[in-house]
Amino acid sequence: MKRWISILAATALSLTCCGCNEASSNEHTQTATKSEQKILVALGDSIAAGYGLENAEETRYSALLTESLAQENITWRDCNYAVSGDTAAQLMERLNNGRAVRLPSADVITISIGANNMLQPFGEFYGIWMQQSEDTAALSTAFTKMESAIAAGLADFEAELPDIYKYIRGCNTEGKIIIQTIYNPFADTNAEIDLGERRISLAAYAQAQIEKCNSIITGFIAEQHDANLFAADIYAAFAAEDTMPVIGQKGSENAPYLDPHPNNKGHEIIAAVIKDIIQAGS
């Protein structure tokens, strides 16, 4: 497990590198000769940005969607404004700064956000876990700190999600808004955190926090009574796979995944789930 601490720090969803330049490559049009154009706006974090993929502008789920939705007389434009590392608050800040310039004319808006509200505190704890795994007292203190930070992150997410929705609806009253649930990249691991008096299953702990995040998403959607607001159940779609469709793989000692971002198959799954929602009401 120790071999991937540097990779986690560099590649987890909490990365802060920027997404595509708005003026250049973040808008990709499929079949430009079509007579009617529709717009898909993708908002969110590194999952939406396609972090870790080769040729992300062609292989991330927003690009796959625009390609698969194209018809004989319709073209779809992929306007992807996702930024790796963003929390809900950072997404809200970018919206207020006018980042998503195509938002008012979007036919579909997808949102992948919330994972970093949990993963950033976990990343800080993980470093201590790997370096001080023998010191259960220090590890227990770090774990308690992480729990508090995750609780605060989820509270921030719950507070910011309504503002994100209100901003989008203020710009675009009729487009379909599709919010993705969060999957558990550690679901297949048997790693345990030894805190001395108790041992914590990483998979079970991650599951509990992700369930809280997904409850915020689904509960919020149910409260809005908006016929064009949907949840894309990515959690269930990934859980149904025999192998978690993420970039990293488990080590020989059943370590957690090296990189929790979706791989090519994961992006194909996300695109398929969202496509079903788009076409269901068409």
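The values are calculated or read from the model by the stated rules, or taken from the named source; none is laboratory data. This structure is a prediction, so every number in the text was calculated from the model and none was measured. Counting neighbours? That spans all protein chains shown, and the Cβs are built from the backbone with ideal geometry, glycine included. Ligands, DNA and RNA are excluded from the accessible area calculation, which covers all protein heavy atoms including side chains. Shrake-Rupley method; radii C 1.70, N 1.55, O 1.52, S 1.80 Å.
The length gained by stretching the chain between Ile200 and Glu174 to full extension, at 0.36 nm per residue less their Cα-Cα distance, is 4.8 nm. Of the peptides 94-100, 130-136, the ranking by mean beta-carbon count within 10 Å, highest at the top, reads 94-100, 130-136. To the nearest 10, the accessible area of Ser215 is 70 Å² with a 1.4 Å probe. Which aspartates and glutamates does Lys38 reach when only Cα atoms under 15 Å apart count, and residues fewer than 8 places away in its own chain are ignored? Once the sequence-local aspartates and glutamates are set aside, what remains near Lys38 is Glu27, Glu67, Glu72, Asp78, Asp107, Glu174. DSSP bridge analysis restricted to segment 105-241 gives an antiparallel fraction near 25%, rounded to the nearest 5. Quick check for you: with a 1.4 Å probe and neighbouring chains kept, what is the accessible area per residue of segment 138-180, in Å²? Heavy-atom SASA per residue in segment 138-180 reads 43 Å². Taking a ≥ b ≥ c as the square roots of the eigenvalues of the alpha-carbon gyration tensor, segment 40-99 is classed oblate because a/c is 1.5 or more while a/b is no larger than b/c.
Distance between the modelled labels on Glu268 and Asn190, one decimal in nanometres: 3.0 nm (7 Å Cα→Cβ projection). Remark: the Met130-Gln279 segment gains 49.1 nm on full extension, using 0.36 nm per residue and subtracting the alpha carbon distance. Ligands, DNA and RNA aside, Lys275 has an accessible area near 50 Å² when probed at 1.4 Å.
Taking a ≥ b ≥ c as the square roots of the eigenvalues of the Cα gyration tensor, segment 45-196 is classed as prolate, since a/c reaches at least 1.5 and a/b is larger than b/c. The length gained by stretching the chain between Ala222 and Gln37 to full extension, at 0.36 nm per residue less their Cα-Cα distance, is 63.5 nm. Summing Lys and Arg as +1 and Asp and Glu as -1 over all other residues whose Cβ lies under 10 Å from the Cβ of Gln90 gives a net charge of -3.
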